Structures are given as C-alpha cells and as structure tokens.
Amino acid sequence: MDWNINQLCDKFSMDFFSLHGKVAIVTGANKGLGLAYAIALAKAGADIFIISHNNNNWQEIKKTVEGLGRRIEFTEAELSIKENAKKVIDQCVEKFGKIDILVNNAGTIRRSPILEYKDEDWEDVIKINLSSVYYLSQAAVRYMVKQGSGKIINIASMLSFQGGKFVPPYTASKHGVAGITKAFANELAEKNIQVNAIAPGYIKTANTKAIREDKERNAEILARIPAGRWGETSDLMGTVVFLASHASDYINGHILAVDGGWLVR
C-alpha cells in the first residue's frame, strides 16, 4: 500500500523504539559489551535478567538498573553445560512471567597457533560461543511461540565474515552464530519472532587493550577503519535497542555490522 503523508505520520511513532513492559535476558552482561547492552535495554524501558558465570559487579549493576526504574535479576550459570540453558530460561520466566528479548552475548576466545591448539580449547570455545546460543535460543523460543512474539539478538563478529588468525574455534563459532541466526529466522519469522545478530567491529574494551597498546597493530587497524577510530561500547547500545524493538519487526536473519566501515574497505 502506498501511504499518503498523513497516513505515514499516523503509522510511525518514536514509541516503536520503546521497550517498556518488555523483559530482556542478556548473557555475560556483568562487564564489557554485555553490560552496555543491558544498560541500553534498561534505559529503553526493559526489565533485565542477567546470566553470567560469576557475580562480579552485580551490586553496582543492580543499583544502576534500579535507578533507571527497572527491575533486574541475576543468575550464575556455566553455559557450557547444555542442561543449564533450559534452567536459566525457566528461571527468568519464574521471576518475570515471560521473556521478550534474548541477547546471546556470552563468549570466550583462546589464542594459539593452529599446530599448538589444544583440543580442550577448541571444545570450550565452541560450547560457549555456539552451542549455548543454540540451546538458549531453543529454550527461549518455546515461550516466545506461545506468546506470539519475541526478539533474539545474537552477537556475531568480524570473524563471522573473515578468517582471523590464531583463533580457529572462535572463527568457526562466529561463522556458526551467523548461520544459526539465519536458520532460526527462516522458521520463526512467520511466528512474529525476529532473529538477528550484531557483529561488532574493533571496540575499546578490556579484551582489546593489548592490541590498542601495540602501536604497530593499532596503526594497521585504524588505517582500515573508514571512521578513523576504534568503536566505543556506546556505539553498540542504539543497535541493540533497535533490534529489540518494534522498529525492527520486518528485519529477519540479518547480521548487522557495527564496525565503522571495516568490512567495506
């Protein structure tokens, strides 16, 4: 339908970006980008359920989120154990009564030359970065299908598109995250559940501190980023709110790069 100007004004509202009344799960949200995602979702109006493998920063996060007028609950779980996926999703529903948004942020990385790479490192990275995304999403979807709506936001990577070096399981897992995102979207779009992913570029976090302090490597990275700077955690916050909101209801199976242009150079 071709809307006239008055119909267009009536059709769209900035309330499309509001998350008031929504419940969001964010894994690995007690630090780094996960914390930024959780704060952004809370500021947009969502209540927050954080899953992490330790309780670092819980009190500070709780104070911040409650200061925004939102509810927040935490649970400690090892997501490499697949049985824990259903348990933590059920815990969220027990606490809040529902789940509207799942942000699969938890991840790990192990660096080593391929000829020295340990089997246990491969297995650990795949379990956290890929298998837990599948099991958590599957468990969450059982509730989302019943309620007739939902948003799943996976965290991909530049290495969902590229090969990287010294990180074979991380690269494999992040390619897998892109694939899972598309596969789930194909089945769930018709059920009003949108499944998409964010692929952060080079972002200033504790994990990238060593690279930023390496003058030669830092210069190489900056030379390829058209924006001419490293990303800030705040650069991801609007993206997660958008993908969690009504504003993105017709976006399905998309891997959204937030990279300052890294991939296009």
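FYI, it's all coordinate maths here, none of it is from the lab. Given the structure is predicted, the values throughout are model-derived calculations rather than measurements. Because the Cβ atoms are built from the backbone with ideal geometry, glycine has one as well, and the counts that use them run over all protein chains shown.
Using a/c under 1.5 as the rounded threshold, could you call region 111-212 rounded, prolate or oblate? The axes a ≥ b ≥ c are square roots of the C-alpha gyration tensor eigenvalues, and prolate needs a/b larger than b/c, oblate otherwise. Since a/c reaches 1.5 and a/b is larger than b/c, the shape of region 111-212 is classed as prolate. What's the longest bit of the chain with no exposed chymotrypsin sites (Phe, Trp or Tyr not before Pro), using DSSP loop states and at most 13 other Cβ atoms within 10 Å as the test? With chymotrypsin sites (Phe, Trp or Tyr not before Pro) excluded where exposed in loops, the chain gives 13-249 as its longest stretch. If you take the Cα centroid of region 207-265 and the Cα centroid of region 48-126, the two points sit 22 Å apart. A helix-only calculation puts the chain at -12500 deg cm²/dmol for mean residue ellipticity at 222 nm, using -39500 (n - 2.57) for each DSSP H run of at least four residues, averaged over all residues. Among the lysines of region 141-265, pairs that are 8 or more positions apart or on different chains and have alpha carbons within less than 19 Å of each other number 9.
In the elastic network of the chain, a GNM with C-alpha springs shorter than 10 Å, the most mobile of Gly21, Gly231, Gly201 is Gly21.
Applying the criteria of a DSSP loop state and at most 14 other Cβ atoms within 10 Å to the GluC sites (Glu not before Pro) of region 10-113 yields Glu78.
Springs join every pair of Cα atoms under 10 Å in this Gaussian network model of the chain, and among Asp15, Asp121, Asp235 the largest mean-square fluctuation is at Asp15. Other residues whose C-beta falls under 14 angstrom from the C-beta of Ile221 contribute a net charge of +4, scoring Lys and Arg +1 and Asp and Glu -1. Using a Gaussian network model of the chain in which every pair of alpha carbons under 10 angstrom is joined by a spring, one finds that among Asn154, Asn84, Asn207 the greatest mean-square fluctuation is at Asn207.
First check a/c for region 225-265, with a ≥ b ≥ c the square roots of the eigenvalues of its C-alpha gyration tensor; if it is under 1.5, answer rounded, and if not, answer prolate when a/b is larger than b/c or oblate otherwise. Note, shape of region 225-265 comes out oblate.
Counted by Cβ distance under 12 Å from Gly150, the other residues give a net charge of +4, where Lys and Arg count +1 and Asp and Glu count -1. Counting Lys and Arg as +1 and Asp and Glu as -1 over every other residue whose Cβ lies under 15 Å from the Cβ of Val93, the net charge comes to +3.
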